[in-house]
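Okay, so here's the structure we're looking at.
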Amino acid sequence: METTTIFLKEEVIFRKGEASKYAYIIKSGKVGIYKENDYGKRILVRILRKADLFGEMGLIDKYPRSATAVALEACDLTVVDRTHFMRLSKYSPKFFIILIKTLTNRLRDTLGQLKNDGKQVETITRTQISKRGNKNENSIF
Amino acid sequence: MILKNYKKYDFIFREGTYGDRAYMIDTGRVGIISETDHDGKRKVVAILRKNDIFGEMGLIDNEVRTATAIALEDTQVSVISKKTFDYLLKHDPFALRPLLEVLSHRLRSTTDLLWDNSKGPVLKVRS
């Protein structure tokens, strides 16, 4: 099923370690992805914006959430549950391409950080997916 | 699908080159090597075996190889070409699901490498 939901500023969308039930697409607003250490200290690792997809990894591999997602401002989100997610990735090539490119871009970002680790304080830019001209991507939902 | 054979220590592809093929190992072992580590040393980042997939990032986004792949013994691979990939993407995307799993798995393990639970990372975000 696909629904719409609203998160207010600073509300937690999901927490690291929780079971992964949904993926989200941002209709408006900004979302921060945080890593948490053993002492509960949060570090912002990525900022996502309109048309970005997040929370998809847990639906692909069924592992718990690897990070915490927090609304950085009031957010309007499309929520996709596992069944609908599977259906979209099975029958919508367009969705599949967005999915696979999102993951590849993030992996390249992360590998880039890893290579530079120790050389400089790394700067992370937002995922590239929304820059690639997917202006109509909302139409598939 | 095309099959290719590599002898021990043959390069399958080199970091920094362009390539749009992915590979699946039929027999043998492949080493994934990072050539441009910050301390200038080569580092083996993964050793892959039968049924493992590699090179999928180049296939998906046509960007440069992020690491070198070398045969660690006589190795046979199945080549997934851009043409096959595009065909499947159009007609049967679900057949490409193993690629999603590989990407998701690598993203988790790579992110974990950046993160030290006791110290935390040295990361700064630009919005």
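Among B:Leu48, B:Leu88, the sequence by solvent-accessible area, most first, with a 1.4 Å probe is B:Leu88, B:Leu48.
Once both axes come from the Cα atoms, what is the angle between helix B:82-91 and the longest principal axis of chain B, in degrees from 0 to 90, rounded to 10? Its long axis makes an angle of about 90 degrees.
Cross-link partners of B:Lys41 among aspartates and glutamates, defined as those whose alpha carbon lies under 16 angstrom from its own and excluding same-chain residues fewer than eight positions apart: A:Asp117, B:Glu15. Eigenvalues of the alpha-carbon gyration tensor of the range A:1-53, scaled by 5 and square-rooted, set the equivalent ellipsoid semi-axes at 21, 14, 10 angstrom, largest first.
With 21 Å as the limit, the listed pairs A:Lys9/A:Lys35; A:Lys27/A:Lys101; A:Lys9/A:Lys50; A:Lys101/B:Lys82; A:Lys90/B:Lys83; A:Lys115/B:Lys83 have A:Lys115/B:Lys83 beyond it between alpha carbons. Across the range B:98-110, coupling constants 3J(HN,Hα) worked out from phi with the 6.51/-1.76/1.60 Karplus curve, θ = phi - 60°, read x, 5, 4, 5, 4, 4, 4, 4, 5, 5, 4, 6, 5 Hz, and Gly and Pro carry x. Projecting the Cα atoms of A:Gly112, A:Leu48, A:Ile60 onto the charge dipole of the range A:2-132 (Cβ charges, centred on the Cα centre) puts A:Gly112 farthest toward the positive pole. Taken along the Cα-to-beta-carbon direction at a fixed 7 Å, the label points for B:Ala95 and B:Thr36 span 3.5 nm. Spin-label pair B:Ser109-B:Asn51: with each label point 7 Å from Cα along the Cα-Cβ axis, the two points sit 1.5 nm from one another. Chains A and B together bury roughly 4400 Å² of accessible surface, counting both sides and using a 1.4 Å probe on protein heavy atoms.
If the viscosity is 0.692 mPa s and the temperature 37 °C, what translational diffusion coefficient in µm²/s does Stokes-Einstein give for the range B:2-114 when Rh comes from Kirkwood over Cα pairs? Translational D for this selection: 226 µm²/s.
The range B:1-69 and the range A:70-112 have Cα centres separated by 26 Å.
Projected label points at B:Lys4 and A:Lys94, each 7 Å from Cα along the beta carbon direction, are separated by 3.4 nanometres.
The values are calculated or read from the model by the stated rules, or taken from the named source; none is laboratory data. Keep in mind it's a predicted model, so treat the numbers as computed, not measured. Note that we place each Cβ from the backbone using ideal geometry, even for glycine, and neighbour counts take in every protein chain shown. With ligands, DNA and RNA removed, areas are computed over all heavy atoms of the protein, side chains included. Shrake-Rupley method; radii C 1.70, N 1.55, O 1.52, S 1.80 Å.
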